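The values are calculated or read from the model by the stated rules, or taken from the named source; none is laboratory data. This one's a predicted model, so the numbers in the text were calculated from it and none came from an experiment. With ideal geometry, Cβ positions are generated from the backbone for all residues, glycine too; neighbour counts draw on all protein chains shown.
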Amino acid sequence: MKKEVVLSGIRPTGFLHLGNYFGAMRNYVRMQDEFNCYFFVANWHSLTTHPDTKELQNSVHRVIAENIACGLDPAKVALYVQSDVPEIAELYLYLNMLAYKGELEKTTTFKEKVRLQPDNVNAGLLTYPVLMASDILIHRAVKVPVGKDQEQHLEMARNFAERFNYRYGNVFPAPQAFNFGNELIKIMSLDGNGKMSKSENQMNTLYLADDDDLIRKKIMKAKTDSGPAEKNSVKPDYIENIFTLLSLVSDPSTVKKFEDDFNNCIIRYGDLKKQLAEDMVKFIKPIREKAADIQNNKDLLKKIIHQGAEKARASASATLTEVRNAIGMNY
Ligand code: AMP
Ligand code: TRP
């Protein structure tokens, strides 16, 4: 049986963090044996918000290195850089004719970015979901492992695919957001305000490149309160987030101990954070060290990126031929 096609991308706009790991990369690694996987660095997308490219090459290399350090095997998957696959840009052009200004302006991420960068509301920002749909549809992917923040973009990708199929004939399957266990994960920032992110709240975000002491320092500063007043209380979301992190990196008996302490109102948040800090150090350290080794080996990186581009272009050009045939652009 033919393996299902999986695709996902990460923007090279800064250091990767725990949200990226648990929302996206952990799933990539789990999927690489079972599916036909395409994973890429979305460097065109990063230009919509980060026009200055001084750091871009470094960031692209770091994202590739960190993905491999997290367990992705470039021999099993296509690991590539978006701008190495020009077929995506051509599909983006066709899909732009099927995307409407009104729906693009209503997109949550667009509105958020207009608020954040009112002086640079460029057309690329408006059509960001169209480029993302092109990334997905160019390989006719059906499963897209992403965090919860990307759900709306996936819905738009399905709409564009459907419109194309309706107008020109059936070329694209409908892509779905994917996470193991069916729940899309969202890792909150350590102060409980919003999600962990590459560029905002740096002291409240745990990066895969953070050194041991910085990890400890950030976790010990995480927001807590004076503890629950009643047994079996509902946890405030910033406490829930600490428990989420604990459940992701600590062993189940440790999680149970602190859950019980919370439910019995005897929890000491200082101890909880100390435990979390040590388990987090153990989790991040090997990833950080492996990523640094790969990043320093430029020849290896070049080879991996080149090999990824070849695999991605083979699949992309096959889809583009079908797209051109469907539209009738085959003279
Ligand atoms: P980005 O950093 O926005 O390019 O996101 C890359 C991938 O990481 C996407 O699949 C996101 O859904 C996921 N992601 C980013 N931040 C978080 C977060 N705080 N929690 C869960 N997933 C996230
Ligand atoms: N928009 C995604 C993010 O911000 C990155 C991305 C670009 C992507 N193209 C994609 C994710 C295609 C999945 C599939 O995280």
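Could you list all residues from the range 59-76 that are among the charged types (D, E, K, R) and buried (at least 22 other Cβ atoms within 10 Å of the Cβ)?
R62, E66
Do you know which of the residues in the range 116-132 that are within 8 Å of ligand 2 (Cβ to nearest atom) and among the hydrophobic types (A, V, I, L, M, F, W, C) is farthest from I187 (Cα to Cα)?
Per the criteria, the residue is L131.
As an exercise: evaluate G9 against (1) small (G, A, S); (2) part of a helix (DSSP H, G or I); (3) within 14 Å of ligand 1 (Cβ to nearest atom); (4) modelled with pLDDT of 95 or more and give the number of the one condition it does not meet.
The single condition G9 does not satisfy is (2).
Which one of I242, I219 is among the β-branched types (V, I, T) and touching a residue at least 60 places away in the same chain (Cβ under 8 Å)?
None of the others qualify; the one that does is I219.
Looking only at the range 114-129, which residues are assigned to a helix (DSSP H, G or I) and aliphatic (A, V, I, L, M)?
The answer is V114, L116, A123, L125, L126.
List the helices (runs of 4 or more DSSP H) inside the range 13-113, counting only whole elements, that have at least 1 residues being closer than 30 Å to I215 by Cβ, more than 13 Å from the chain's Cα centre (by Cα) and more than 14 Å from ligand 2 (Cβ to nearest atom).
It comes to 26-31, 56-69.
Which one of L56, L79 is within 16 Å of ligand 1 (Cβ to nearest atom) and surrounded by fewer than 20 Cβ atoms within 10 Å (Cβ to Cβ)?
Result: L56 is the single residue among L56, L79 that is within 16 Å of ligand 1 (Cβ to nearest atom) and surrounded by fewer than 20 Cβ atoms within 10 Å (Cβ to Cβ).
Applying the selection to the range 312-331, what residues are assigned to a helix (DSSP H, G or I) and either surrounded by fewer than 18 Cβ atoms within 10 Å (Cβ to Cβ) or among the hydroxyl-bearing types (S, T, Y) (or both)?
Passing the criteria: A314, S315, S317, A318, T319, T321, E322, R324, N325, I327.
Have a look at P12, P51 and point out the one that is within 27 Å of D119 (Cα to Cα), of a type outside the set (V, I, T), in contact with a strand residue (DSSP E or B) (Cβ under 7 Å, 6 or more places away or on another chain) and outside the structural domain of I284 (by TED's automatic domain parsing).
Residue meeting the stated conditions: P12.
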